[in-house]
Amino acid sequence: MRFLATFLALSLQLFCLAQTESTTPVSQEMSAPSAPIIGYLSYDSVLTAMPQCAIVEKQLEELTTQYEAELKRVEDEFNQKYEAFLDGRKDFPRTILLKRQTELQQLMQRNIEFRENSRKELQQARDEAYAPLRQLLSKAIAIVAQHHKLAVVVNTDANACPFIDPALALDINEEVEKELSKLRIEN
């Protein structure tokens, strides 16, 4: 993150220097550019403000509930078999005891695999469900950035950029949200 901030600051300085050298007299070389060349927004805030995001979240909640119900069912099945094993272990011949113990171990292994596969499948479903929203958001960001002739758009989430000088950068959150509403109507 520190590298990104340093890179952006140096890029801004170089751009400003190149622009002032070619268009202004020497006495004005150190002045700020007339229009910001960096835009910034909170990607997550704009994404979660999209109406489609609520629909995606509801679908993912339903899928998660289904997986949780199945996990509970297989856990209950394991617990019942384990209790039956514990209740009868004194009375079972050694061969039956070993067979049931092996069955429990296999069932436990399958449950662990199911839990891991469920986690992966839920993540994949989340990625696939959000992909069209992220594409739409990227398109809206590009349209707004091109409109303002921005060289860079910085995502301010996770405190990636703790300070942005409003005189040198442009907050594009609202404009991107407006552009998204236009894109939704067109699609």
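The values are calculated or read from the model by the stated rules, or taken from the named source; none is laboratory data. All values reported here derive from a predicted model rather than from experimental measurement. Glycine gets a Cβ as well: all are built from the backbone with ideal geometry, and neighbour counts include every protein chain shown. The accessibility values were calculated without ligands, DNA or RNA, using every heavy atom of the protein model including side chains. Shrake-Rupley method; radii C 1.70, N 1.55, O 1.52, S 1.80 Å.
Among Q123, T95, V176, which residue has its Cα furthest toward the positive end of the charge dipole of region 44-187, with +1 on Lys/Arg Cβ and -1 on Asp/Glu Cβ? Value computed over the given set: T95.
Rolling a 1.4 Å probe over the protein chains gives T102 an accessible area of about 60 Å². Close amide-amide hydrogen proximity is noted between V153 and G39, each under 5 Å apart and 5 or more residues distant or on a separate chain (H modeled in the peptide plane; Pro and chain starts excluded).
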